[in-house]
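Note sheet for the following structure.
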Amino acid sequence: MGCFSENSKLMEHFNNPHNVGDMENPDAIGHVGNAQCGDIMELYLKIENEIIVDAKFKTFGCAAAIASTSVLTDLVKGKSLSKALNISNKEIKEMLGKMPAHKYHCTMLAADALKDAIKKYKEKDETK
Amino acid sequence: MKKVYLDYAATTPVHKKVKKAMEPYFSDNFANPATLHQFGQDAKIGLDKARKRVANFIGAKSKEVIFTSGGSESDNLALKGVFFKLTQNKDFTPHIITSAIEHSAIINTCNFLKKRGAKVSYIKPDKNGLINPDDIKKEINKNTTIVSIMHANNEVGTIEPIKEIGKIIANVKKNRQVNNNDTPIYFHTDAVQTLGHIPINIDDLGVDMLTLSAHKLYGPKGVGVLFVREGVELEPLIHAGEQERERRGSTHNTPGIIGLAKAIDIADSEMEEEKERLINLRNYFLQEIKNSIKRVQLNGHPNKRLPNNLNVTIKGVEGEALLMSLDEAGIAVSTGSACSSTRLIPSHVLMAMGMSHLRAHSSIRFSMGKYTKKKDIDYVVKQLKPIVKRLREISPLK
């Protein structure tokens, strides 16, 4: 559709994103992007014994940004924090399929959202 | 699926009558109008007639019309042509005044000329996209040689006070004459968006150069016009044959030029009625959007705007996501959001109007045309409501 292929994973996730919404008392929140670039992502994680047991997101951004965060939430669920940190934007990109090169930054931003959430979680943990 | 095209400001379909008028000039009356034999002369008759038609429509003489490959070339020719002429064998630094909301054909040409030594002032509009003629007046100095302000903005549709600016330039010309300053000052306007929507008369506007394009008014792509008032000297960009009084070489695009003239014919007879229809339709459209969706803001001037342009910000919704969802519903629109470009910077027009990044990223442009009907608008509004609701639910912005 438009600059994305019809029936692609990307459009599927854009049209029916997984894990959208708020989370009650999340253990970690990742916040990346800004108004200037036009993409803002919020990632909420539930963490038990260093395992991500639930993930939710909210995104202001284009179809690729929304799809990237949707895929990310699928990817992190059930993963240990150390394994989750290995999730790269490349993995997100591969899961979404073909997209124009100028959309790669959306996948990077999603990967950054996860790193930001885990970083904040660890900082919080240390101050406990 | 129903299809609704609301991107007429980007381009329009070629009118059936235009296509029919062009048809003979492809394979029957095909000859080069610059040749002397009867074949060529037959083509030249069509070309001359078309030139006269275009000239008449804007109140110009035939010899003041230069046919080009489109609006962008015309803009380039106006600015570079004058710049090259004035700096030829002369140690002179021309000053150019333009606006911060021009089409890229003007902005990027100015940026290029800046690298070549020109001084350029970019005048900012007010929050409605309107240029204040006084701001231009204040910026004029003894080296100012070109003032280029668009007739109407392509994104937000604001119609600029060209006539008022024309009067200021006319005064500067008079003063220079009195003071024996022989530096010329030329006023150029890019009227690509207004052609066929509102009347254009070069003397009424007080312009020395004016850009037109065929494909925005149901004519073919690849055809443009630069009106150049008698006495204005410019260097050609395309050095080749003697076409266009040696100001633009290359064999004429006869079918295209015939198509432009026909498109102008049609616009001339329908413009008044069509203008009213589109204004009513656009006002209805905005009202319907506002009735069904909260937190919607109009971008651009409330009434000094192109009849067919509706640009709104729908808060909390990113423009490209909205565009994509509308596309899935068969609706074609355009956005000033960054994601649509490779640069990630939102529209320079919206930013120059002093808009916040968020408001610019949440902007969407609907541009209507000849084939837009009320039932199309009703369909779009019906589709828009759930799409906005869904995207707002995904958005973290309140």
Square roots of five times the C-alpha gyration tensor eigenvalues of the stretch B:1-102, ordered largest first and given in whole Å, equal 32, 26, 12
Cα-based Rg/(2.2 N^0.38 Å) for chain B, rounded to two decimals, is 1.03
The stretch B:113-239, Kirkwood Rh and Cα Rg, ratio Rg/Rh at 0.97
The orientation-averaged projected area of the Cα convex hull of the stretch B:85-181, in nm², is 6.5 nm²
Carbon and sulfur atoms account, in whole percent of the 1.4 Å probe accessible area of the protein assembly as shown, for 50 percent
Over its alpha-carbon atoms, the protein assembly as shown yields an Rg and a Dmax in Å of 26.8, 94
Distance in nm between A:HIS31 and B:LYS374 label points, each 7 Å along Cα→Cβ, equals 4.8 nm
One finds the C-alpha centres of the stretch B:376-398 and the stretch B:26-82 to be spaced, in Å, by 47 Å
Links exceeding 22 Å between C-alpha atoms in this model, out of B:LYS52/B:LYS216; B:LYS124/B:LYS163; B:LYS85/B:LYS124; B:LYS90/B:LYS163; B:LYS90/B:LYS167; B:LYS2/B:LYS275, come to B:LYS85/B:LYS124; B:LYS90/B:LYS163; B:LYS90/B:LYS167; B:LYS2/B:LYS275
In a Gaussian network model of chain B with springs linking alpha carbons closer than 10 Å, the residue among B:VAL232, B:VAL333, B:VAL317 that fluctuates most is B:VAL232
If each part is reduced to its alpha-carbon centroid, the stretch A:16-49 and the stretch B:202-259 end up apart, in Å, by 54 Å
In deg cm²/dmol, rounded to the nearest 500, the helical mean residue ellipticity at 222 nm of chain B, built from -39500 (n - 2.57) for every DSSP H run of length 4 or more, is -13500 deg cm²/dmol
With 0.36 nm assigned to each residue of separation and the Cα-Cα distance removed, B:LEU237 to B:ASP126 gains 36.5 nm
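Roughly how big is the B-A contact, given as buried accessible area in Å² (both sides, 1.4 Å probe, nearest 100)?
2100 Å²
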Residues hit by the 10 Å² burial cutoff in the stretch A:11-57, accessible area with a 1.4 Å probe, assembly against chain on its own, are A:MET11, A:PHE14, A:ASN15, A:PRO17, A:VAL20, A:ALA35, A:GLN36, A:CYS37, A:GLY38, A:ILE40, A:GLU42
Here, B:LYS294 and B:PHE39, labelled 7 Å along Cα→Cβ, have an inter-label distance in nm of 7.1 nm
Relative to chain B, whose Cα atoms define the longest principal axis, helix B:374-394 and its Cα axis are tilted in degrees, nearest 10, by 60 degrees
In degrees rounded to 10, the 0-90 angle between helix B:104-115 Cα long axis and the longest Cα principal axis of chain B is 60 degrees
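The values are calculated or read from the model by the stated rules, or taken from the named source; none is laboratory data. Model, not experiment: these values are computed from the prediction. Note: ideal-geometry Cβ built from the backbone for every residue, glycine included; neighbour counts use all protein chains shown. The area values use the complete protein model at the heavy-atom level, side chains included, leaving out ligands, DNA and RNA. Shrake-Rupley method; radii C 1.70, N 1.55, O 1.52, S 1.80 Å.
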